[in-house]
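The values are calculated or read from the model by the stated rules, or taken from the named source; none is laboratory data. Because the structure is predicted, anything quoted here is derived from the model rather than measured. Glycine gets a Cβ as well: all are built from the backbone with ideal geometry, and neighbour counts include every protein chain shown.
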């Protein structure tokens, strides 16, 4: 049976799920997305990926700054939707909104629940070294990602998984799981599973400062962090350029290298086409893909062709005082 759906979401991950609904038997009667944001050097207002997709399909788009506003709540209620699907929307839904659609509000969460609740579950799963992740389709309630789970799908986190690759993997899994959950809700066959709050962790929003490499940390932790923060916000450290000026070096890929050393953390132990080996608080990290300021991200072998003198053994990275 076809449901009349309000869809609320903002980034690319949400747009993938909106497309799944558009390709289904259900009818998306309205889309909610965050207000357009300034972007690029010109700071021109840019519509979210969800808004762009909705407009391509002539679906009405609503962009209230808050759903706590009574006028916005009345506007949503007037749509008379069967269900509201929420995917990375970015605004809090008050209880009155959660109670408005006939079948309530359903959230697509990019993590196994209750393992990671909050804004950045994909990156936190990779950073923590989790063996698996997944997508949880959840019946929403007032708490932060605390509602009962309707459908869950799992996938392994591979040894080379990045935040970006896991994002894409979960985006592909979420659409079918969402359609399964909607069918169960409409048929009355849903069996919501209450979460165990004692197993919950908070996946806090990622700051750019968090991406700064602390070479005192163990190499294994830093390798996971670099994978988790690729492609955003991308880990970085400082280095001295040819003029002795401190610059930011972005690190896209690195591997943990076992073995002892006696050097200060952040010291380059060696550099060849396989990568730049850097001492850490425990063991070492081999940097294999880097980005110099104003340049493209490149394999280390390419960077060393023109900048080998910047990365000789004994050079210090991070916390540089000019």
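Please find, among 14, 39, 72, the residue that is in the same structural domain as residue 137 (by TED's automatic domain parsing) and crowded, with 20+ Cβ neighbours inside 10 Å.
Numbers: 39 fails: crowded, with 20+ Cβ neighbours inside 10 Å; 72 fails: crowded, with 20+ Cβ neighbours inside 10 Å.
Going through 14, 39, 72 in turn, the sole match is 14.
Quickly run through the range 59-71 and pick out the residues that are touching a strand residue (DSSP E or B) at 6+ places or on another chain (Cβ under 8 Å) and either under 20 Å from residue 20 (Cβ atoms) or not in a loop (DSSP other than H, G, I, E, B) (or both). The answer is 59, 60, 61, 62. crowded, with 21+ Cβ neighbours inside 10 Å and in the same structural domain as residue 83 (by TED's automatic domain parsing): does that describe residue 170? Answer is yes for this residue.
Can you pull out the residues in the range 90-103 that are in a loop (DSSP other than H, G, I, E, B) and more than 26 Å from the chain's Cα centre (by Cα)? Explain how you work it out, then say what you get.
Taking the range 90-103 first, the residues in a loop (DSSP other than H, G, I, E, B) are 90-94, 99-103.
99, 100, 101, 102, 103 - these are the residues of the range 90-103 that are in a loop (DSSP other than H, G, I, E, B) and more than 26 Å from the chain's Cα centre (by Cα).
Here residue 215 clears all of (1) crowded, with 17+ Cβ neighbours inside 10 Å; (2) over 21 Å from the mean Cα position of the chain (by Cα); (3) assigned by TED's automatic domain parsing to the domain that holds residue 91 except the condition numbered (3).
Given the criterion without any contact (Cβ under 8 Å) to a residue 40 or more places away in the chain, touching a helix residue (DSSP H, G or I) at 6+ places or on another chain (Cβ under 8 Å) and either in a strand (DSSP E or B) or farther than 24 Å from residue 24 by Cα (or both), identify the matching residue among 143, 134. Steps first, answer last, please.
Working: 143 fails: touching a helix residue (DSSP H, G or I) at 6+ places or on another chain (Cβ under 8 Å).
Going through 143, 134 in turn, the sole match is 134.
Can you tell me which residue among 304, 298, 287 is under 24 Å from residue 231 (Cβ atoms), without any contact (Cβ under 8 Å) to a residue 40 or more places away in the chain, assigned by TED's automatic domain parsing to the domain that holds residue 248 and over 31 Å from the mean Cα position of the chain (by Cα)?
Numbers: 298 fails: over 31 Å from the mean Cα position of the chain (by Cα); 287 fails: over 31 Å from the mean Cα position of the chain (by Cα).
Result: 304 is the single residue among 304, 298, 287 that is under 24 Å from residue 231 (Cβ atoms), without any contact (Cβ under 8 Å) to a residue 40 or more places away in the chain, assigned by TED's automatic domain parsing to the domain that holds residue 248 and over 31 Å from the mean Cα position of the chain (by Cα).
In summary, residue 123 fulfils each of the numbered conditions (1) in contact with a helix residue (DSSP H, G or I) (Cβ under 7 Å, 6 or more places away or on another chain); (2) at pLDDT 95 or above; (3) surrounded by fewer than 24 Cβ atoms within 10 Å (Cβ to Cβ) with the single exception of condition (3). In the range 34-49, the condition of being within 30 Å of residue 189 (Cα to Cα), without any contact (Cβ under 8 Å) to a residue 60 or more places away in the chain and touching a strand residue (DSSP E or B) at 6+ places or on another chain (Cβ under 9 Å) is met by no residue. Please tell me if residue 128 is in contact with a strand residue (DSSP E or B) (Cβ under 9 Å, 6 or more places away or on another chain), under 27 Å from residue 252 (Cα atoms) and surrounded by fewer than 20 Cβ atoms within 10 Å (Cβ to Cβ). So residue 128 passes the test.
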